[in-house]
Amino acid sequence: MATTTQGASGPPPKPWERSGSSSGPAPFRPPSAGTTSDVVEASGTAKPGEIVSTSDRNNTVNTNAVGRPLPTRPWENNIGNSSYGGYNSGMTYNSGYGSGMYNSIGGGYGGMSGGMYGSSMYRGGIGGGIGGGYGGGLYGSGMYGGGGMYNSGLGGSMGGYGTGMGMGMGGPFGPQDPNNPPPSPPGFWISFLRVMEGVVNFFGRISLLVDQNTQAVHFFMSALLQLFDRGGMLYGELARFVFRILGLRRKSNKIGPAGPNGLPLPGPDMQNDQRLLEGPKSAPAGAWDNVWGNDARR
Amino acid sequence: MPVFKTPFNGYSVKFSPFYEHRLAVATSQNFGILGNGRLHILDLSPTPSPTPISELTFFDTADGIYDVAWSESHDNLLVAAVADGSLKLYDLSLPPQQNPSRSLPEHTREVHSVDWNPTRRDSFISGSWDDTIKLWTVDRPTSVRTFKEHAYCVYSVAWNPRHADVFASASGDCTVRVWDVREPGSTMIIPGHEHEILSCDWNKYDECLLATGSVDKTVRVWDVRSYRTPIAVLAGHGYAVRKVKCSPHHRNMVMSCSYDMTVCMWDFMVEDALIGKYDQHTEFAVGIDMSVLVEGLLASTGWDEMVYVWQHGTDPRAT
């Protein structure tokens, strides 16, 4: 790849580093010396559990040409330049990122399997950084997210498991495996269809709920109407019973209400108008004036 | 000047602090709403040539990339802020199949900003839409600290270039907060704008000056010693200011880009503050950077999928 020689000494000086600050005293506490991890730990502001052992950090911090400690770069291989060629950088993560005791212990074996399964070593290094040591917790919480089968019982013989992890890495580590980047991320249409699936599912659920609610309201209303209906019938039945007990009889009112002079009023029911249907009536003097009753002369 | 067409919508562009000809571009498919992301590493050719800008390599991700930051400690390492809530470290010296060399999934929502500590050089911070800021170091697989105080998305984080422990964060809760990694809480809360604050950056020559860009279309410059009123209010953008950047070469120069598709240069100490306006983008301009190594070399990217690199004062579209 590209030239990598410049990195060891840090970037070129920034333009502003050549000039002093032009304003007055700043409202900040003066900067602390040391690495960020040390500074944060010294201040005691980190959450519990976020601190790793710093006892052997010096193993991983190399001094460079500048004479000040810099974080280890992946190509600064303190395991040694082995003959694994292109996989070298893969295994150097073991030393670069895994701080703590794991390095000194696991370095040798790391080199072995690192050459063969470059990525597995990196994971070992991370585990070391988290566990801060070797043993039960080593492959534990760090890499595998605290869960799963690698969490326990793996600490026994590190070398063997390191290799095993390397071989199995394609599968069980899932999408979060940093060394298995998505080889071909889903294309636009796949993503789009996934989103459309979600949208359709959403509207499907919505319409189902609307349907169920409509149905519920319908049942409620019909039940209410039925209640009124039956309630009315019950009331009528009870009322009839009470009236009978009281000896009252409702007046049968088969004929329509009487009009003036006792004549039944013509109405929509044709039985009162039978005479019209039976035949022509002799026209009285006033012609048809009295057909509808209430003859003015009577 | 060099123009590069990316397949996805640009989100962020950063010059390498090691090589004056190298820059990284973070892009996201479909405007970052849905789809994949791609991280481009571009090289400018030092001499005039048919291809003034060439792609060194690129990395695909399954989610959009919103921001990228070069490591200050070594020249091949860079960290990308990914929409799935993870930060991914890329090492250009590794073969492509080993990249990303590390994935740090801790944020629960999209990571919107990442910044590498330029003074101590072993750590970086990330601001996310889950309202938190996380501090990371390269020697740890988990975050060192989580800063949770903002009430809404954190849109931007920036280290103080003159103080190894101090950084600022801009959030959608309309405040800018100044933090010290040694303090449990924020040391300063600046209610800077009436609307969401999308970006913040420290002045490189005065450790007390802070520039912010907001949805209220203004860029404001603050002095953290007296942050009741801003030192300068730079109005001129037609829509929300998406990113602000303080010049690494001139104390008073600020660069900003906006949803009005322009990139503006300001001098906040003079009356007529707007000293340059570039309208090369045909869509929202969302990513800008100024080269630390070459004075006046600017870069911008936007949702029109273009990356422009040009010298201040020249036309970005001129070939």
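Readers should treat all values here as calculations from the given coordinates under stated rules, not as data from a laboratory. The structure presented is a predicted model; accordingly, all values stated were derived computationally and were not measured. With ideal geometry, Cβ positions are generated from the backbone for all residues, glycine too; neighbour counts draw on all protein chains shown.
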_Quick check of the Kirkwood formula: for the range B:149-279, what is the inverse mean of 1/r over all pairs of different Cα atoms, in Å?_
14.4 Å
_Paramagnetic reach from B:Arg109 (point 7 Å along Cα→Cβ, amide N under 18 Å) across the range B:145-159_ = B:146-157
*asked:* Once you place label points 7 Å from the Cα toward the Cβ at A:Ile206 and B:Glu271, how far apart are they in nm?
replied: 5.7 nm
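When the gyration tensor of the range B:210-319 is built from Cα positions, what are the square roots of 5 times its three eigenvalues, in whole Å, from largest to smallest? Walk me through the numbers on the way to the answer.
Details: eigenvalues 103, 51, 25 Å².
Three semi-axes, in Å: 23, 16, 11.
Take the Cα radius of gyration of the range B:24-178 and divide it by 2.2 N^0.38 Å, with N its residue count; two decimals is plenty.
On the way: Rg = 15.7 Å, N = 155, 2.2 N^0.38 = 15.0 Å.
So the range B:24-178 has a normalised radius of gyration of 1.05.
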*For a paramagnetic label modelled at 7 Å from the Cα of B:Glu295 toward its Cβ, which residues of the range B:232-264 fall within the zone defined by backbone nitrogen distances under 15 Å?*
B:247-253
*Positive minus negative residues near B:Asn203 (Lys, Arg vs Asp, Glu; Cβ under 11 Å)*: 0
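Translational D (Stokes-Einstein, µm²/s) of chain B at 37 °C and 0.692 mPa s when Rh comes from the Kirkwood sum over C-alpha pairs?
On the way: Rh = 19.1 Å.
In µm²/s, the coefficient is 172.
Mind ordering B:107-113, B:243-249 by average Cβ neighbours within 10 Å, highest first? Please list the in-between numbers first.
On the way: B:107-113: 21.3, B:243-249: 24.3.
The peptides rank, most packed first, as B:243-249, B:107-113.
Longer than 23 Å from Cα to Cα, which of B:Lys134/B:Lys243; B:Lys14/B:Lys148; B:Lys14/B:Lys277; B:Lys5/B:Lys217; A:Lys14/B:Lys134 are they? Say none if no pair is. Display every interim value, and only then the final one.
Details: B:Lys134/B:Lys243 20 Å; B:Lys14/B:Lys148 27 Å; B:Lys14/B:Lys277 20 Å; B:Lys5/B:Lys217 28 Å; A:Lys14/B:Lys134 25 Å.
The pairs that break the limit, which is 23 Å between Cα atoms, are B:Lys14/B:Lys148; B:Lys5/B:Lys217; A:Lys14/B:Lys134.
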*With only Lys, Arg, Asp and Glu charged, each at its Cβ (+1 for the first two, -1 for the last two), find how big the charge dipole of chain B is about the Cα centre; round to the nearest 20 debye.*
340 debye
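Sorted from fewest to most neighbouring beta carbons within 10 Å, what does the list B:His163, B:His281, B:His74 look like?
Details: B:His163 20, B:His281 24, B:His74 27.
Sorted ascending by nearby Cβ count, the order is B:His163, B:His281, B:His74.
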*Inter-site label distance for B:Asn30 and B:Asp279 at 7 Å from Cα along Cβ, in nm*: 3.2 nm
*For the range B:1-77, what mean projected area does the convex hull of the alpha carbons give, in nm²?*
5.1 nm²
